1. Relative to the longest principal axis of the C-alpha atoms of chain B, give the angle of the C-alpha long axis of helix B:643-654, reported between 0 and 90° and rounded to the nearest 10°.
2. So, in nm, how far is label residue B:619 from label residue B:646 when the simple model puts each one 7 Å beyond its Cα toward the Cβ?
3. How many angstrom lie between the C-alpha centres of the range B:473-493 and the range B:32-74?
4. Applying a 10 Å radius around every beta-carbon, put B:666-675, B:95-104, B:517-526 in order of their mean neighbour count, most first.
5. What is the helix-to-structure angle for B:203-231, meaning the angle in degrees between its Cα long axis and the longest Cα principal axis of chain B, kept from 0 to 90 and rounded to the nearest 10?
6. How large is the Kirkwood hydrodynamic radius of the protein assembly as shown, counting all unique pairs of alpha carbons, in Å?
7. Counting only other chains, and only Cβ atoms inside 10 Å, what mean value do you get across the residues of B:596-604?
8. Decide, for chain B, between rounded, prolate and oblate: order the square roots of the alpha carbon gyration tensor eigenvalues as a ≥ b ≥ c, take rounded if a/c falls under 1.5, and otherwise choose prolate if a/b is larger than b/c, else oblate.
């Protein structure tokens, strides 16, 4: 798992590359736990190269969900592969999180 | 070899015979009756030959005897030399005195008795020399190089040649005799330099060796004095003995003893240093042995402390142990607690408490001077490994410059040995602990196994077949059945996120929640409200779990309530895998596409909005496949997932079979797909088949 990030004035974009499993989800958790993350208005997650997400990976997003909502930070996923999206949908997360097809739509929100 | 052995066997009788011949030929030269009886005087060459043969025999016999040195028992060898051959000297003196006494009491000109005593004493002297020189040989050759071994053999051969001088009645011309004697004497002196054995003596043994060597030299002196005295006696009838050979041997015997004495005496002052080194080695051995015995940490520290105090000859010492930022003193020797803590405080102040520290002039540093300690030197050795610090060893000596760099390096060895053994003990402890945890996991696994329903509901309306496997000892998958009154059956399946013991706890919890919530509500106004509908159950379960589930954990579950009376079922899917279903009327296999959020994701009342009930009227021959994600996410060698589509395809092929057979077909296909791959996640599979002929409910 490789996580790269780009920050602009009000947007933080995290690019996830590889498989998000029990061990790599710790990395993601560290990124999302940083206090400066909550300074942004939007946190975009680029899932184009995210091949797999385990329940531990989902758990990281779930655990930060409430915090993001409270701080008024929008969490938006885009470019999600079909099978990963399926995992989000089965668990019902698509009703709680914003998942859009492309980066243009993500930035437009 | 056989010749040598034969020679060895006949040496002793030949030696005895040649001595008897010597005695007889000496007697034949006297003026007594024995001479007449023997028909003497016999020719002089006979006496000389007998003398030479006896000397050669005595030396060869002694040479062939077993090595008088047993192991490193040098003092034992010297002691046997004094007790054995030393007695010969005493006997010699005794015989001489007896002869003098008889001579004084009964003055006579008869030389017979005198000659007898002389021959006996000469024999004793030769045996004595042979014994001494071959004892010295053992010492010279102790740990000697092959060169020295060859030199010794040359020395023996050359000495042997000197026996021939007198025998052949050849006196070397004047300057040559000095060269020969002087040369061989020098050779003996050179060989006397081989005194390595002295180094192996302890201080006490060195003193003993000095005294024993003096005694040996005295015994030699007794013989030499006797022979010098008897040489001038007018009664002496025998020809002068093999003086070159005997002289050289006596000289070597004496000189080696003298050299040994000197070396030992000069080694005496350094003996304590050797003993200290010896003690250090022994202490290290004792420490090493403790490791192998695997004793307790306290004993290892005590052993370190005793060894260090003894080896360093410290006047005061203590050990501190550090655990969780707390320092405790576990061993102390001649030191007051307040003195110890003051020294520690001072070192901490100087930031010296973490390193090896040697101060040989405490009165020279102001901090220590202010403590008014009665000590001059301090050494501090931290006990630490690469990973952590265990504590420190402090040692004090009264005088200044009490410790040196070597002490520091020995203490280092002690400390590292100790740390090694402590770490070993801790590893043993950890592995025992791991073993215990393993045992407990086995128990947990057995307990969890007992939570899985063993007896599947048997009914005339449907068949059920089940399969469950955990990736680890305990798993996060669960399923359960519950018969409800009024021909209803509740089926629960689910998966706790994560694996292992934490997940297993939540599994047990879910089972408890299931049985608690599925109780009949007697206050219910209608039949339908007696038991919670699946969505209500999920909402209540979500509330129950909200308080105890970790932040990042969640549970997916599906609850089905089948009502045979009405030939229908209702279910709710809380984020769990979709239900695969064969519709016998439509002859079609599909997934129920329902929405529903996993448990524990939203932990407040709003969860209710995210869960829905789905009603369906089943038909005879319908098949329901319920499973966990371990089935559809199982991977093959190419890391592809088994997937919902392949599962759907399998049911299309097998829907007409019995529930058990459908399950087996799916499992064997799955096994084929993921052959050779490790099991990543728990797998659970339930197949429910509604029987083709449904009994009439009215009967």
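Throughout, read-outs are computed from the coordinates displayed, never taken from laboratory work. A quick note: this is a predicted structure, and the numbers were derived from the prediction, not measured. Because the Cβ atoms are built from the backbone with ideal geometry, glycine has one as well, and the counts that use them run over all protein chains shown.
1. 70 degrees
2. 3.1 nm
3. Cα centres, the range B:473-493 to the range B:32-74: 111 Å.
4. Working: B:666-675: 15.3, B:95-104: 13.2, B:517-526: 10.9.
Result, highest mean first: B:666-675, B:95-104, B:517-526.
5. Here the helix axis deviates by roughly 20 degrees.
6. Numbers: mean 1/r = 0.0265 Å⁻¹.
After inverting the mean inverse Cα-Cα distance, the result is 37.8 Å.
7. Details: counts 4, 6, 7, 0, 2, 12, 6, 1, 1.
The mean count of partner-chain Cβ atoms within 10 Å per residue comes to 4.
8. On the way: a/c = 5.58, a/b = 2.98, b/c = 1.88.
Here chain B falls in the prolate category.
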